[in-house]
Every structure is written in C-alpha cells, then in structure tokens.
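Please read the structure below before turning to the comments.
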Amino acid sequence: MQIDHSSRSPLHVQAENILRKLIESEEYKNGKLLPNEVTLSEQLGISRNTLRQAINKLVFEGLLQRKKGVGTKVVKKGIRGGVKNWMSFSQEMKTLGIEIRNFELHLSLKQPTGEISDFFEIPSGSEARSLVLERVRGKKEYPFVYFISYFNPNLPLTGEENFIQPLYEMLENEYHIIVKTSKEEISARLAGDFIGEKLDIKSTEPILIRKRYVYDIDNQPIEYNIGYYRADSFTYTIEAERQ
C-alpha cells in the first residue's frame, strides 16, 4: 500500500484505489475489519481526513460498512444490481468474478395469461404460446436464484437453442434481436415451500423478487422475467441525482 505524493492524482483518490484492491483480496473480501483509521493513515502516509474521504466513498457504494465502537469492515460480496447497472445475469456474475453453476434448466410451451399476455400485447382469444425457460442457478456451493422467463410468442425461438450460453448474446447472434431496456420491480416475501426447495432454504426465510420487463432496440417486448433470490445473496442499489 503506497501513496505517490508526487502524483497529480489526489491523495484521497489514490487511497480509494488502494482500498478497492484491499477489499478484493482473499484476506478481506469475506467481511474482515479494516485496520483502524490511525494505523491505516500512518501506513499510507496521509491524514485521517484524507483517508476518511476515501472510506466515505466506499461506504456510499456499499463496499464498506462502519459500526460505531467496532470499526470499518468490508461488506461480504453478494449479487448486486441496480438501475444504472442493468446487465444480463451472466454479465453480472462475470463482473463479480463468480463462477456460475446451473442446478436446473427446463423448457416448456405455455399460453401466457394476465399480466404476461398484456405485456406481450397478445389479442384476447389468441392461442399463441410462449417458450418458457426455468433455471435454478448459483455458485458451485449452493443455488441462490430461481428464474422464470416467458418469451414473446412472436420470437422465432424453437426450444432447440443452447440456453447454457448467455441468453442475450444468443438472441443477438442467432436471431439479430438486440436487447436494450429493462424495466424492473423489486419486492420481498417469505420463500414458501416451492421456492424454498428450489433455493435450498427454509420456507420461512426471506427472498427478494426481481421482475423484469425486457425490450429490444425497437421498444418491442421480448422477455417477461421473474427472479427469486436468496435475500442473503442479493443487494439492489439505486443511485439518484437531485435536480
């Protein structure tokens, strides 16, 4: 951990970058306490005020957590999503350096009803069927999300596609469908028996539900997706600017 006092880069920015590397190290990434501010500022050769600027930024981003009388600790890494951070699940996991395991993958054809039918603008009385993809995914050690995706019946999907590969890459490469926009809803509830069994948790444990309405570059509805996440493995962040 070295600060370059001759660099044009501000000291607090250098300190922030050093702390980011520290957070990702094997020693700290699972939630270890950082050295106290006096020790850390001496090690870096900067003032405590400069160090606090760096720490405050990382606290704001949800990477560090301060507890009065305890100190500053690294927030244990979980799955992180947000309004400025829309990516496919595979992209999210790649960004976090998490190797994904598919525990279940099922395909079926179903007739969309209710909200799903309205989203795809399916005329009343239509017998159109959606390809439905269900997947239980997670780390090597345990599953943490159960996905259900309904696809627009007008898409040329057959069910013979390789759904092991990243979904949106497959749509673009094979069918020239370019996904652009996701509108999302987040809610919470207890797992219940069915989701509890899928995620290997008790029915009384909390889960977070992320519903996505996905559109292509022409604003046509492509996918209606619901993800049921273990609450201990998913964090949703929102960044807003005051006008």
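A cut-off under 12 angstrom between Cβ atoms defines the neighbours of Arg135, and their net charge, with Lys, Arg +1 and Asp, Glu -1, is +1. The spread of Cα positions in the chain, taken along each principal axis and listed from longest to shortest, comes to 71, 42, 36 Å.
Distance cut-off 29 Å, Cα to Cα: go down the list Lys73/Lys180; Lys73/Lys198; Lys140/Lys202; Lys67/Lys180; Lys21/Lys68; Lys32/Lys180 and report the pairs above it.
Working: Lys73/Lys180 36 Å; Lys73/Lys198 32 Å; Lys140/Lys202 20 Å; Lys67/Lys180 40 Å; Lys21/Lys68 24 Å; Lys32/Lys180 38 Å.
Pairs exceeding 29 Å: Lys73/Lys180; Lys73/Lys198; Lys67/Lys180; Lys32/Lys180.
In the chain, the longest principal axis of the Cα atoms and the axis of helix 48-60 are about 10 degrees apart. Among His12, His176, His106, a tally of other beta-carbon atoms within 10 Å of each Cβ gives an order, fewest to most, of His176, His106, His12.
For the chain, the residue among Tyr236, Tyr142, Leu33 whose Cα projects farthest onto the positive side of the dipole built from Cβ charges is Leu33. Projecting the alpha carbon convex hull of the range 136-243 along each direction and taking the average yields 9.0 nm².
Residues with beta-carbon under 15 Å from that of Leu105, excluding Leu105: net charge, scoring Lys, Arg +1 and Asp, Glu -1? Present the calculation step by step, with values, prior to reporting the outcome.
Working: positive: Arg101, Arg135, Arg137, Lys198; negative: Glu104, Glu134, Glu160, Glu161.
Overall, the nearby charge balance is 0.
Each residue in Phe194, Phe144, Phe120 was given a count of other beta-carbon atoms within 10 angstrom of its own, and listing them fewest first yields Phe194, Phe120, Phe144.
Ranking Leu107, Leu155 by Cβ neighbours within 10 Å, fewest first, what do you get? Mind dumping the intermediate values first?
Working: Leu107 15, Leu155 18.
In order of increasing Cβ crowding within 10 Å: Leu107, Leu155.
We did not get these values from a lab; they are worked out from the coordinates using the rules stated. What you see is a predicted model, and the numbers here were worked out from it, not measured in a lab. Backbone-built Cβ (ideal geometry, glycine too); neighbour counts: all protein chains shown.
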